[in-house]
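A quick write-up on the structure given underneath.
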Amino acid sequence: MAKIENSRWKLSMVGFTTFVLATIFYLITGPNIPAIVGFLTSAIVLFIINAIYVFYTNKKSRNIKNQI
């Protein structure tokens, strides 16, 4: 497996890390359910966008390798 610095999943890891940190912050300062749900939604959207990007680049690189 590639190092984290070279990982194509870095965007998803950042999104979920931000969600966890924001959730902890909001739970400490006072439960704010709409904000927590908003951060969760943004983390899920980042994950989906990054997954589409990773699978698209894998498919594209396979097509280039097959042409050579």
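The values are calculated or read from the model by the stated rules, or taken from the named source; none is laboratory data. Quantities reported herein were computed from a predicted structural model and do not represent experimental measurements. All Cβ positions, even for glycine, are placed from backbone atoms using ideal geometry, and neighbour counts span all protein chains on display.
Restricting attention to the range 22-45, the residues that are of a type in the set (A, V, I, L, M, F, W, C) and more than 14 Å from the chain's Cα centre (by Cα) add up to 9. Listed by first and then second residue, the pairs linking a residue in the range 23-44 that is part of a helix (DSSP H, G or I) to a residue that is surrounded by 11 or more Cβ atoms within 10 Å (Cβ to Cβ) and of a type in the set (A, V, I, L, M, F, W, C), with Cβ atoms under 6 Å apart and 6 or more places separating them unless they lie on different chains, are T23/I36; Y26/A35; Y26/I36; F39/F19; F39/A22; L40/F19; A43/F16; A43/F19. Looking only at the range 17-25, decide whether some residue is at pLDDT below 80, touching a Gly at 6+ places or on another chain (Cβ under 6 Å) and not hydroxyl-bearing (S, T, Y). Scanning the range 17-25 turns up no residue that is at pLDDT below 80, touching a Gly at 6+ places or on another chain (Cβ under 6 Å) and not hydroxyl-bearing (S, T, Y).
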